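Asks: Once you've had a glance at the structure underneath, I'll fire off some questions.
The values are calculated or read from the model by the stated rules, or taken from the named source; none is laboratory data. All values reported here derive from a predicted model rather than from experimental measurement. Because the Cβ atoms are built from the backbone with ideal geometry, glycine has one as well, and the counts that use them run over all protein chains shown. Surface accessibility is based on the protein's heavy atoms, side chains included, excluding ligands, DNA and RNA. Shrake-Rupley method; radii C 1.70, N 1.55, O 1.52, S 1.80 Å.
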Amino acid sequence: MKVFDLRCGHGHGFEGWFASEEDFQSQLARGLLSCPLCGDATVEKLPSAPRLNLGAGSQPEASAPQEAMPTPEQLWLRAVRHVLEHTEDVGERFAEEARRIHYGEVPSRGIRGQTTQEDAQALREEGIEVLTLPLPVGMKGPLQ
Ligand SMILES: [Zn+2]
(Lines give C-alpha, C1' and ligand atoms only; values in the text may rest on other atoms or scores of the structure.)
Protein backbone atom coordinates (compact mmCIF):
# COMPACT_ATOMS: atom_id res chain seq x y z
CA MET A 1 0.00 0.00 0.00
CA LYS A 2 1.27 3.41 -0.93
CA VAL A 3 0.01 6.80 0.21
CA PHE A 4 0.43 9.62 -2.25
CA ASP A 5 -0.05 13.30 -1.62
CA LEU A 6 -2.24 14.51 -4.44
CA ARG A 7 -3.41 17.93 -5.54
CA CYS A 8 -6.22 18.93 -7.86
CA GLY A 9 -6.23 21.71 -10.45
CA HIS A 10 -7.72 24.06 -7.85
CA GLY A 11 -4.92 23.48 -5.40
CA HIS A 12 -6.76 21.22 -2.96
CA GLY A 13 -4.38 18.79 -1.30
CA PHE A 14 -5.58 15.30 -0.43
CA GLU A 15 -4.30 11.78 0.06
CA GLY A 16 -4.75 8.77 -2.15
CA TRP A 17 -4.11 5.16 -1.23
CA PHE A 18 -2.89 2.86 -3.99
CA ALA A 19 -1.59 -0.67 -4.28
CA SER A 20 1.41 0.62 -6.20
CA GLU A 21 2.75 3.44 -8.33
CA GLU A 22 1.41 1.57 -11.39
CA ASP A 23 -2.04 1.37 -9.80
CA PHE A 24 -1.99 5.13 -9.30
CA GLN A 25 -0.88 5.78 -12.90
CA SER A 26 -3.54 3.38 -14.19
CA GLN A 27 -6.35 5.02 -12.23
CA LEU A 28 -5.12 8.46 -13.28
CA ALA A 29 -5.01 7.46 -16.96
CA ARG A 30 -8.55 6.09 -16.80
CA GLY A 31 -9.84 9.27 -15.17
CA LEU A 32 -10.86 7.47 -11.99
CA LEU A 33 -9.19 10.01 -9.75
CA SER A 34 -10.89 13.20 -8.73
CA CYS A 35 -10.64 15.74 -5.95
CA PRO A 36 -12.87 14.81 -2.96
CA LEU A 37 -13.52 18.52 -2.35
CA CYS A 38 -14.44 19.83 -5.79
CA GLY A 39 -14.53 16.80 -8.07
CA ASP A 40 -11.79 18.12 -10.34
CA ALA A 41 -10.26 15.23 -12.28
CA THR A 42 -7.06 17.17 -12.94
CA VAL A 43 -4.98 15.40 -10.33
CA GLU A 44 -1.26 15.52 -9.91
CA LYS A 45 0.99 13.69 -7.51
CA LEU A 46 3.19 15.75 -5.24
CA PRO A 47 6.73 14.65 -4.55
CA SER A 48 6.39 12.12 -1.76
CA ALA A 49 8.25 12.45 1.49
CA PRO A 50 8.67 9.58 3.91
CA ARG A 51 6.52 10.15 6.95
CA LEU A 52 4.30 8.43 9.44
CA ASN A 53 0.60 8.29 8.82
CA LEU A 54 -0.69 9.44 12.16
CA GLY A 55 -4.33 8.70 11.49
CA ALA A 56 -7.06 10.82 13.05
CA GLY A 57 -4.70 13.38 14.50
CA SER A 58 -2.86 14.17 11.30
CA GLN A 59 -3.48 17.20 9.16
CA PRO A 60 -3.99 16.41 5.47
CA GLU A 61 -3.29 20.02 4.54
CA ALA A 62 0.05 20.25 2.81
CA SER A 63 0.68 23.63 4.41
CA ALA A 64 1.07 22.14 7.89
CA PRO A 65 4.68 21.74 8.90
CA GLN A 66 5.62 18.09 8.81
CA GLU A 67 6.79 16.69 12.08
CA ALA A 68 10.12 14.99 11.90
CA MET A 69 10.44 11.38 12.94
CA PRO A 70 11.28 11.26 16.66
CA THR A 71 14.76 10.03 17.40
CA PRO A 72 15.29 7.05 19.73
CA GLU A 73 16.48 9.52 22.36
CA GLN A 74 13.25 11.54 22.08
CA LEU A 75 11.18 8.36 22.33
CA TRP A 76 13.11 7.38 25.44
CA LEU A 77 12.61 10.84 26.97
CA ARG A 78 8.88 10.52 26.29
CA ALA A 79 8.85 7.20 28.11
CA VAL A 80 10.72 8.72 31.04
CA ARG A 81 8.31 11.65 31.12
CA HIS A 82 5.36 9.25 31.08
CA VAL A 83 6.77 7.41 34.07
CA LEU A 84 7.38 10.67 35.92
CA GLU A 85 3.83 11.85 35.26
CA HIS A 86 2.18 8.60 36.30
CA THR A 87 4.11 7.71 39.41
CA GLU A 88 4.37 9.21 42.85
CA ASP A 89 7.83 10.20 44.02
CA VAL A 90 8.38 8.53 47.39
CA GLY A 91 12.10 9.24 47.39
CA GLU A 92 14.14 7.32 49.92
CA ARG A 93 11.06 5.41 51.13
CA PHE A 94 10.85 3.52 47.84
CA ALA A 95 11.65 0.04 49.16
CA GLU A 96 9.32 0.50 52.15
CA GLU A 97 6.44 1.79 49.99
CA ALA A 98 6.94 -0.96 47.39
CA ARG A 99 6.55 -3.56 50.15
CA ARG A 100 3.45 -1.89 51.63
CA ILE A 101 1.83 -1.86 48.18
CA HIS A 102 2.89 -5.44 47.50
CA TYR A 103 1.42 -6.69 50.76
CA GLY A 104 -1.79 -4.70 50.33
CA GLU A 105 -1.23 -2.29 53.22
CA VAL A 106 -1.83 0.69 50.98
CA PRO A 107 -3.74 1.09 47.69
CA SER A 108 -1.80 -0.02 44.63
CA ARG A 109 -0.23 2.79 42.68
CA GLY A 110 2.83 3.57 40.64
CA ILE A 111 5.73 4.87 42.64
CA ARG A 112 9.28 5.88 41.95
CA GLY A 113 12.19 6.74 44.15
CA GLN A 114 15.72 5.94 45.07
CA THR A 115 16.86 2.59 46.29
CA THR A 116 20.11 0.74 46.56
CA GLN A 117 21.08 -2.19 44.37
CA GLU A 118 20.76 -4.44 47.42
CA ASP A 119 17.26 -3.21 48.25
CA ALA A 120 16.14 -3.59 44.65
CA GLN A 121 17.49 -7.14 44.59
CA ALA A 122 15.75 -7.96 47.87
CA LEU A 123 12.46 -6.61 46.53
CA ARG A 124 12.78 -8.76 43.40
CA GLU A 125 13.40 -11.81 45.54
CA GLU A 126 10.13 -11.08 47.35
CA GLY A 127 8.39 -11.03 43.99
CA ILE A 128 8.05 -7.25 43.76
CA GLU A 129 8.66 -5.83 40.33
CA VAL A 130 11.29 -3.11 40.33
CA LEU A 131 12.26 -1.27 37.19
CA THR A 132 15.60 0.47 37.22
CA LEU A 133 15.46 3.57 35.09
CA PRO A 134 18.56 5.74 34.94
CA LEU A 135 17.37 9.32 34.73
CA PRO A 136 19.28 11.97 32.84
CA VAL A 137 21.14 14.45 35.02
CA GLY A 138 18.98 17.32 36.16
CA MET A 139 15.67 15.62 35.36
CA LYS A 140 13.97 15.46 38.74
CA GLY A 141 10.36 15.95 37.78
CA PRO A 142 7.99 16.36 34.84
CA LEU A 143 9.37 18.90 32.40
CA GLN A 144 6.06 20.66 31.85
ZN1 LIG B 1 -10.24 20.32 -5.66
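Asks: Condition check: free of Cβ contacts under 8 Å to residues at least 40 places away in the same chain, open to solvent by less than 100 Å² (accessible area, probe 1.4 Å) and within 26 Å of ALA79 (Cβ to Cβ). Does GLU129 satisfy that?
Replies: No; evaluated as a whole, the condition is false for this residue.
Asks: Also, quick follow-up: Quick check on my filter: what residues within the range 9-35 are closer than 30 Å to PRO70 by Cβ and within 14 Å of the ligand (Cβ to nearest atom)?
Replies: Residues satisfying the conditions are HIS12, GLY13, PHE14, GLU15, GLY16.
Asks: Based on this model, can you work out whether GLU61 counts as modelled with pLDDT of 80 or more and either open to solvent by less than 70 Å² (accessible area, probe 1.4 Å) or under 20 Å from HIS12 (Cβ atoms) (or both)?
Replies: Spelling it out, it is not the case that GLU61 is modelled with pLDDT of 80 or more and either open to solvent by less than 70 Å² (accessible area, probe 1.4 Å) or under 20 Å from HIS12 (Cβ atoms) (or both).
Asks: On to the next question. Name the residues in the range 20-35 that are farther than 17 Å from LYS2 by Cβ and in contact (Cβ under 8 Å) with a residue 24 or more places away in the chain, would you?
Replies: SER34, CYS35, listed by residue number.
Asks: Between residues in the range 3-15 that are closer than 15 Å to LEU32 by Cα and open to solvent by 50 Å² or more (accessible area, probe 1.4 Å) and residues that are away from the ligand (no atom under 13 Å from the Cβ) and outside any strand (DSSP E or B), which pairs lie under 6 Å by C-beta distance while being six or more apart or on different chains?
Replies: ARG7/LEU46
Asks: Another question about this same structure. Which condition does LEU37 not pass, out of (1) open to solvent by 60 Å² or more (accessible area, probe 1.4 Å); (2) in contact with a helix residue (DSSP H, G or I) (Cβ under 9 Å, 6 or more places away or on another chain); (3) among the aliphatic types (A, V, I, L, M), if it passes all the others?
Replies: Condition not satisfied by LEU37: (2).
Asks: Residues of the range 16-34 being under 31 Å from the mean Cα position of the chain (by Cα) and open to solvent by 50 Å² or more (accessible area, probe 1.4 Å), which ones?
Replies: Result: TRP17, ALA19, GLU21.
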